[in-house]
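These notes concern the structure reproduced below.
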Amino acid sequence: MREVQRPAPTRDLDSVGEIAEMVRRFYADVAQDDLLGPMFNDVAQVDWSEHLPKLTAFWSRSLLGITGYAGNPFRAHALVHEKEAFTSAHFDRWLSLFHDTVELGWTGPNARKALALAENVARVHSRALIGEPVALPGSS
């Protein structure tokens, strides 16, 4: 079976529209993932129509300095963790899917900044919630 070649990405995460598209693609994969989907859909019972705009606002603030995000991402994850414990596999999968989404769709300084921020968020949350930092892509 021949692998389909995708064109290399040419766009960066340099507008709210690009960020919203990244968030949409990423969380579509998360929601359908065998490991992460149940945590988001069943345990956290995420209302995606409400959650995606919040996530877009979070990433827009982080990457573009745009105000509008108000929230405490760690607290939200801690509440889910109280219902059903996260494992290192959850953080590994989240980070792997994030890398796949960004690297397949975007390139440039903000795409690299998004990857670095996602790695930091995963590392901090995993250390605080499960007592160990997530393994970062490319590290062994």
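Rolling a 1.4 Å probe across the protein heavy atoms gives segment 33-89 an accessible surface of 60 Å² per residue. Return the calculated 222 nm mean residue ellipticity for the chain, to the nearest 500 deg cm²/dmol, obtained by summing -39500 (n - 2.57) across DSSP H runs with n ≥ 4 and dividing by the residue count. Calculated at 222 nm, the ellipticity per residue is -20500 deg cm²/dmol. Evaluated with a Cβ-only charge set (Lys, Arg +1; Asp, Glu -1), the chain carries a dipole of roughly 380 debye about its Cα centre, given to the nearest 20.
Normalised by the number of residues in the chain, the average gap of Cα pairs under 8 Å and 6 or more apart makes the relative contact order 32 percent.
Placing unit charges on each Cβ (+1 for Lys and Arg, -1 for Asp and Glu) gives the chain a dipole about its Cα centre, and among 38, 51, 17 the Cα reaching farthest toward its positive end belongs to 17. First compute the accessible area of segment 96-140 with a 1.4 Å probe, then give the percent of it belonging to carbon and sulfur atoms. Reported share for carbon and sulfur atoms: 53 percent.
The values are calculated or read from the model by the stated rules, or taken from the named source; none is laboratory data. Computed from a predicted structure; not experimentally measured. Positions of Cβ are generated from backbone atoms using ideal geometry, with glycine treated the same way; all protein chains shown enter the neighbour counts. Just the protein is used for accessible areas: all its heavy atoms, side chains included, with ligands, DNA and RNA removed. Shrake-Rupley method; radii C 1.70, N 1.55, O 1.52, S 1.80 Å.
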